[in-house]
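Presented below is the structure to which this report refers.
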There are 2 protein chains.
Amino acid sequence: MKSTNLYKGSLITIILKLLNEHDSMYGYEITQKVKEITKDELQLTEGALYPALHKLEAQGLLDVEVIKIGNRVRKYYKLTEAGTKETVDKLAELESYIRNMRALVNPKFRLE
Amino acid sequence: MKSTNLYKGSLITIILKLLNEHDSMYGYEITQKVKEITKDELQLTEGALYPALHKLEAQGLLDVEVIKIGNRVRKYYKLTEAGTKETVDKLAELESYIRNMRALVNPKFRLE
DNA sequence: AATATATACATAATTTTCTTATGCATAAAA
DNA sequence: TTTTATGCATAAGAAAATTATGTATATATT
């Protein structure tokens, strides 16, 4: 990632959600999609992305399929069933996080 | 902090905003205020909070005043002028973060 | 034809930020 | 009187990132 500290801890959520939406993606594709959606405001760094993908795979949340494009290799990742469940949890955590941060920084959102 | 990874990197923003709103607070008071606002969903840990306060003070963003309550000590922190400016920046970063994360996880929010 | 940029993966060293554990001490409640 | 709450602090370790490299092919540019 290349941005403010706030993105620390968000990478897994981002990866899972994009895979949830696009079914199958490879690493470089994920970096480009994030750049596109955030209009260059968030740039995933390879040093963060690849280890994160490996970790998710090791946890059984992603399956990987290696494809040769000409002489080059691509690794396509997709969610496992466990990965899909985890995505739901991570998205709920994000909503909770945003709700709490809004309440903390904006008294208007401190309801009931 | 005691919660999901998402809160990583948010502590400074939280501290600055609460001090911006309350003028002067001490460490323990900040932990209680955060608990109250988030209904126990976010608990600041002392191991994170106190070093963060010391760091902000060292950076010239906070001033400290030591008060004796009976035989006990409290350290009241308040924003310096630089601290007030930094608060504005941090809040803008948070809004940007939330906007980008919303766009990433919710295709509906991907407006030009 | 040569060179720069884009595509595509990977890992190691270091830094940042936090958790967990511990320590000291007083005040209030059970 | 013993637990809980108040109030500060720091050190060891873990987690997650940044930064710096490395390898290699494909495409654009000069």
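None of the figures in this text is laboratory data; all of them are computed from the coordinates on show. Keep in mind it's a predicted model, so treat the numbers as computed, not measured. Heads up, the Cβs are rebuilt from the backbone with ideal geometry, glycines too, and the neighbour counts pull from every protein chain shown.
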Fill in the blank from the handout: Dividing the mean separation of Cα pairs under 8 Å (6+ apart) by the residue count of chain B yields a relative contact order in percent of 28
Exercise for the section: Could you grab the relative contact order for segment A:2-61? Cα pairs under 8 Å, six or more apart, rounded to a whole percent. Expected result: 38
Practice task
Place the label 7 angstrom along Cα→C-beta at B:Val64 and in each other copy, then list the distances from the first to the rest in nm, shortest first.
Solution key: 4.7
Problem - Over chain A: Rg over Rh, Cα atoms, Kirkwood Rh - result: 1.04
Exercise for the section: Kindly express, to the nearest 10 degrees and within the range 0 to 90, the angle between helix A:46-58's C-alpha long axis and the longest C-alpha principal axis of chain A. Expected result: 80
Practice task
In debye, nearest 20, what is the charge dipole magnitude of segment B:31-102 about its Cα centre with +1 on Lys and Arg Cβ and -1 on Asp and Glu Cβ, if you could check?
Solution key: 240
Handout entry: Other copies of A:Asp40: label-to-label distances in nm, shortest first, labels 7 Å along the beta-carbon direction
Key = 4.8
Problem - Part-to-part distance (alpha-carbon centres) for segment B:21-64 and segment A:57-71, which is given in Å - result: 44
Exercise for the section: Taking only Cα atoms and a 10 Å spring cutoff, compute GNM fluctuations for chain A and point out the largest among A:Gly47, A:Gly83, A:Gly70. Expected result: A:Gly70
